[in-house]
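The values are calculated or read from the model by the stated rules, or taken from the named source; none is laboratory data. This is a predicted model, so every value here is computed, not measured. We place every Cβ from the backbone using ideal geometry, glycine too, and count neighbours over all the protein chains shown. Just so you know, the surface numbers come from the protein's heavy atoms only, side chains and all, with ligands and any DNA or RNA stripped out. Shrake-Rupley method; radii C 1.70, N 1.55, O 1.52, S 1.80 Å.
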Amino acid sequence: MPLDVHKISVQLTQAPLAVSPAELRREEALFLVGAELAPQPTLETIFDSDCQKPVELFVFNFQRSEGLIQASSLLELIKKNLRGFVLARLDFAPAPELLEFAYAHGVDLVSVKVDSPLDDAAASADKWFPALEQARHIFPRWAVGADLDLSTLSPSQVIEAMKILAAGQIVPLVALDVNSQTRDTNRLQDIFTHLSRCWKGSGMTLRPWGPLIERTTPLVLPSPRTLVGNLLIRAQNAHLRTGSDLRRLLRVREVEKSFDSAGL
């Protein structure tokens, strides 16, 4: 995956990819959705924009569990009426029940913010690994990511975490923005070169994450150059969505049966 060096200086001046709870904003193929927006009028606004140009990824940022629960109706409406993937970015280590809730209500991709080292000697590993492992068992393959925070982690800690995450079948994600503590272009090139190699070496399915990667990293996803290539990409996306929806339906039914058998 090629690295665009010129994007580094631009992204170092950009604000982090997030919106306030009552904000709605589109950035190219991304739609950033606040957790406290009214479901029906928000869906109508998004639908109008999607008709002009399809949205590929809907991004929700949740700072606490209550926000995800509050947004559940909007998540369901988006999933039911639109074709883009739905990503929930969590700034906290979620409980297993919340992950099941998110998946059942339409979340396709989930990422957890990791702002402390993940090496074996770090106590923080006990905080993040259980949540990431639980998410990996609930969500489809390569649908769970870990946002490695460049504002708190050093380059060496980020690179080490990439290896650990990839070995656990979790997608390492690194966002470059104004909060990055590393400003050295050469070090940043090194980080994202390692990230690209990590993705490629692990055989990760990155297509659903594509708009996020384009917006938050200097890496460039290869674009199809022909009509046939575009059709193949659309077919792959449709296959991923269909597979995810079927898997969700089966898992929700399985969880409901477990609750019924337990008398819940």
Taking segment 1-55 and keeping only residues that are open to solvent by 60 Å² or more (accessible area, probe 1.4 Å), more than 21 Å from PHE85 (Cα to Cα), among the β-branched types (Val, Ile, Thr) and in a helix (DSSP H, G or I), one is left with VAL5, VAL10
**OP:** Determine, yes or no, whether ASP147 is of a type outside the set (Val, Ile, Thr), modelled with pLDDT of 95 or more and within 21 Å of ASP91 (Cβ to Cβ).
**Re:** yes
Those residues of segment 86-97 that are at pLDDT below 95, of a type in the set (A, V, I, L, M, F, W, C) and either more than 22 Å from ILE164 (Cα to Cα) or touching a Leu at 6+ places or on another chain (Cβ under 9 Å) (or both) come to a total of 1
Exactly one of LEU206, LEU188, LEU176, LEU195 is at pLDDT below 95 and closer than 23 Å to LEU17 by Cα, and that residue is LEU206
Go through the residues of segment 174-191 one by one and say whether even a single one is within 18 Å of the chain's Cα centre (by Cα) and of a type in the set (S, T, N, Q). no
With the first residue restricted to segment 193-212 and required to be in contact (Cβ under 8 Å) with a residue 60 or more places away in the chain and in a helix (DSSP H, G or I), and the second required to be acidic (Asp, Glu) and open to solvent by 20 Å² or more (accessible area, probe 1.4 Å), Cβ contacts under 6 Å at 6 or more apart or on different chains are PRO211/GLU56
